[in-house]
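Structure first, commentary second.
The values are calculated or read from the model by the stated rules, or taken from the named source; none is laboratory data. Note that the structure is predicted; figures quoted are calculated from it, not measured. Note: ideal-geometry Cβ built from the backbone for every residue, glycine included; neighbour counts use all protein chains shown.
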Amino acid sequence: MNINSLIKDYFNLHFNNKFLFNKYRPRRYRHLSMNKIYVSKAEIKHTNTKAILTVYAYNREKISLLNKIKNLKESFYLKLNMWIYVNSHFSGIYDYNRKSKKLNWYIKYIRALLHKELILLRKYKLRLNLNKYKFEEKLLYKLNNLIIKYYNKKVVFNVVNMRSIILNSDLFTKILTLKLKNKKANILRMMDIILNKAVLPKVNRIIEKSLLVKSIDFNLLENKFKNLNISSILKGNNLSELLNKLYFNVRAYALNINLKKDYIKIYEIIFNSINYKNMGGVRLEVKGRLTRRYRADRALFKVRWKGGLKNIDSSYKGLSSVNMRGYVKPNVEYSIFTSKRRIGAFAVKGWISGK
């Protein structure tokens, strides 16, 4: 819990407003702002010499700054071209003319706007660079030094940038929690906005949920030989020839043997062997003191879902699947976040499944 709190506070760091030449913003407004970096809970894997921390991040602040810079550049170049055109075509008019005075004032006004937008553009680029440094070793080593004190060994960070919030349950659950802190927020509308971001693959449900006829796969090593002892397998066989017969494609691509590169075959060998790479469904539950009036009403309970959370292999096809830690389903990711409002507390639960 302490490490997750450290990671969250690190990515939510705000630089001094005097350094960024901005006005001071109260802490409450910065906390409720949606333009920041959202991170999931750390997945920690320990070895004897180091701890590997995998964190999934959604950089909403970067997206917002890039959009602002793009719009500001378009406005800047439009006004710059206007200033060049007016200044070049009407520079010979004398000042004693009333029209020329108005035109000179207009030229100075455009020049002042260009100067103001240029300063604003530099501010946005500075904030964008500072946002990028949070993911680099320039600033990440400070967080590393704090976490080392907990484990007393080397810490390695693996930060995965997500393209959408719907790909990790911690991200969209946390964002929905922040949205619901506003009493004017429409609960069902907020839940539907998040669920609409989920893109489920188009499949034939009847074929997908049909029972798989079990048959013996003679390409598997355990079905090729009666005895799996190495001595009995190598009896009368050469090891290199045996490996060529069993794992020819994998060995050929790994050792770069003189074969024509067949990228479709590589796709079949590597990518198709990964389980739960497609999204199967999303489920959201919200419960607690979420009424708009400031009084002790009953707790509200809202549910929305898209797709399903069942494991297709074990629930429909009749294939076996092993649970992680004895109870955690391998295809489902679960998250819960709690928060409070003026009239009481509430909780948001989120599930995401793969198939």
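Odds and ends about this structure:
- Any hit, the stretch 15-25, residues being within 20 Å of L140 (Cβ to Cβ), modelled with pLDDT under 90 and under 24 Å from the mean Cα position of the chain (by Cα): yes
- Inter-residue pairs, beta-carbon under 8 Å, first farther than 14 Å from K349 by Cα and in the stretch 170-186, second among the charged types (D, E, K, R), 6+ apart: K181/R341; K183/R292; K183/R341; K183/R342; K184/R292; A185/K179
- Extreme residue, surrounded by the fewest Cβ atoms within 10 Å (Cβ to Cβ), among residues of the stretch 299-311 that are more than 19 Å from N186 (Cβ to Cβ) and out of contact with any Gly (no Cβ under 7 Å at 6 or more places or on another chain): K310
- Only one of the numbered conditions (1) surrounded by 13 or more Cβ atoms within 10 Å (Cβ to Cβ); (2) more than 26 Å from N196 (Cβ to Cβ) is not met by V328, and that is (1).
- Qualifying positions in the stretch 140-157 - of a type in the set (A, V, I, L, M, F, W, C), closer than 14 Å to V55 by Cβ and either without any contact (Cβ under 8 Å) to a residue 40 or more places away in the chain or outside the structural domain of I52 (by TED's automatic domain parsing) (or both): L140
- Residue satisfying condition, being out of contact with any His (no Cβ under 9 Å at 6 or more places or on another chain), in the same structural domain as G308 (by TED's automatic domain parsing), modelled with pLDDT under 90 and more than 30 Å from S315 (Cα to Cα), within set K235, K245, K183: K183
- Restricting attention to the stretch 144-172, the residues that are closer than 16 Å to E43 by Cβ and among the β-branched types (V, I, T) add up to 5.
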